[in-house]
Amino acid sequence: MIKGYFLPSAEGNLFVSQYGQTNPQKTILLLPSIFEELNLSRAIVAKQALFLAKQGYSVFALDYLGTGDSEKEIEQVNAAIWRENIICVAQWLKSLGIENITLWGLRFGGLLALRELQTINQILPVKDVLLWKPVTKGKQFMTQFLRLKQANSMMQGEQKVNWRERIMSGVNVEVAGYEISSDLLASIDNLEVSKSLNLPCPVTWFELASASITPAVAIQTKEWDQQFLKIVCFEGSAFWQIPEIFEQSQLHQPTLNALQGEL
């Protein structure tokens, strides 16, 4: 079963997809990535959600404002609005009688999940967190994204440009089909996961497309409560970056195992 809902928020209507029958004790809130990563991972995420639905879970997938089927254009929103979107959906799930949730964050969605974890937990108890290759620094994420613009402009024979500087001067710049404003860029740049993050619940971190835990991940999580943290590496493709990858069934069972505490 797949349903769609439009939820009113302060900035516009949010679109939320539901996979599976509503289950107050087995509910997952999916926070996807953004920009092209959202599009490239959509089919894989949907198949994972359908697999979990068959196991009795209900998966609610959020389209942040300015993305997917939600209202607004990307240049009209920022990360602060996206964080408010997540709180809005958490309150809505509580109104449905949901008793607790699992937060599932993919890439940039993982960053948002960790930043809003404490706030969400006050609204609706967070049973656990599942992270798929989470971003931990917004500025680093945007630096990589802006490289697409740099590579494209140099292929056109243009001179090298400091695109971050140009955007922050107030000029909107199109990057891979997305209009990036100074407000949006600054809001993402300012997001970062604390190295001393207090974990109120178990967190399973899937380090995808990696054979081992990288030094950056080890440093990021060194001070986290290791009793609550499990990091699992999976070799394979970085599907959020590569077009025409629509199947990652090797993640289906491990994801279910993580939710059931059996990894």
As a test, work out the antiparallel percent of DSSP beta bridges whose residues both lie in the chain, rounded to the nearest 5. 40 percent
Can you pull the one-decimal nm distance between simple spin-label points at LYS139 and ASN39, each 7 Å off the Cα toward Cβ? 2.9 nm
Using the Cβ atoms and a cut-off under 12 Å, what net charge is assigned to the surroundings of LYS230, where Lys and Arg are +1 and Asp and Glu are -1? -4
So what are the ³J(HN,Hα) numbers for the stretch 41-57, from phi and the Karplus equation (6.51, -1.76, 1.60; θ = phi - 60°), rounded to whole Hz, Gly and Pro as x? 9, 4, 5, 5, 5, 4, 5, 5, 5, 5, 4, 5, 4, 5, 9, x, 8
Using Cα pairs closer than 8 Å and at least 6 residues apart in sequence, work out the relative contact order for the chain, in percent. 19 percent
Which one of PHE141, GLY177, ASN190 is farthest out on the positive end of the charge dipole of the stretch 138-190, using unit charges on Cβ (Lys, Arg +1; Asp, Glu -1) and the Cα centre as origin? PHE141
What FRET efficiency comes out for GLU179 versus LEU263 if R0 is 45 angstrom and r is the Cβ-Cβ distance? Round to the nearest 0.05. 0.65
Taking the alpha-carbon centroid of each part, what is the distance from the stretch 126-148 to the stretch 1-65 in angstrom? 18 Å
Sorting check: for 40-52, 87-99, which peptide has the highest mean count of neighbouring beta carbons within 10 Å, and how do the rest follow? 40-52, 87-99
Rounded to the nearest whole Å³, what is the per residue volume of the convex hull around the Cα atoms of the stretch 125-263? 153 Å³
Rounded to the nearest 0.05, what FRET efficiency do ILE213 and GLU73 have when you use their Cβ-Cβ distance and R0 = 51 Å? 0.85
With a point put 7 Å past each Cα toward its Cβ, work out how far MET1 is from ILE245 in nm, to one decimal. 3.3 nm
How big is Rg to Rh over the stretch 138-190, alpha-carbon atoms, Rh as the Kirkwood inverse-mean-distance radius? 0.95
How large is ³J(HN,Hα) for each residue in the stretch 140-147, as worked out from phi by the Karplus curve 6.51 cos²θ - 1.76 cosθ + 1.60 (θ = phi - 60°), to whole Hz, x for Gly and Pro? 5, 4, 6, 4, 5, 5, 5, 4
Given the Cα-Cα distance of LEU96 and LYS195 and 0.36 nm per residue of separation, how much length would full extension add, in nm? 32.2 nm
Would you kindly calculate the mean projected area, averaged across all directions, of the convex hull enclosing the Cα atoms of the stretch 44-161, in square nanometres? 9.2 nm²
Quick one: compute the contact order of the stretch 138-190, relative version, from alpha carbon pairs under 8 angstrom and 6+ residues apart, as a percent. 40 percent
Could you tell me which of ALA218, GLN48, ASN85 has its Cα farthest along the dipole of the chain towards the positive end, charges placed at Cβ (Lys, Arg +1; Asp, Glu -1), taken about the Cα centre? ALA218
Would you calculate the separation in nanometres between label points at ASN172 and LEU148, each defined as 7 Å from the Cα along the Cα-to-beta-carbon direction? 1.7 nm
Starting from the amide H of ASP225, placed 1.01 Å from N in the peptide plane, find each other amide H under 5 Å away whose residue is 5 or more places distant or on another chain. LEU199
Normalised by the residues of the stretch 66-206, what does the relative contact order come to in percent, with Cα pairs under 8 Å and at least six apart? 29 percent
From the backbone phi of the stretch 78-85, what are the Karplus-calculated ³J(HN,Hα) couplings (6.51 cos²θ - 1.76 cosθ + 1.60, θ = phi - 60°) in whole Hz, Gly and Pro given as x? 8, 5, 5, 5, 4, 5, 5, 4
Rounding to the nearest 20 debye, state how big the charge dipole of the stretch 1-158 is about its Cα centre with +1 on each Lys and Arg Cβ and -1 on each Asp and Glu Cβ. 540 debye
Is there a quick way to get the dipole size of the stretch 138-190? I mean about its Cα centre, with the Cβ of Lys and Arg at +1 and of Asp and Glu at -1; what is the value in debye to the nearest 20? 200 debye
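Rule-based calculations on the coordinates, nothing more; no lab input. A quick note: this is a predicted structure, and the numbers were derived from the prediction, not measured. Glycine gets a Cβ as well: all are built from the backbone with ideal geometry, and neighbour counts include every protein chain shown.
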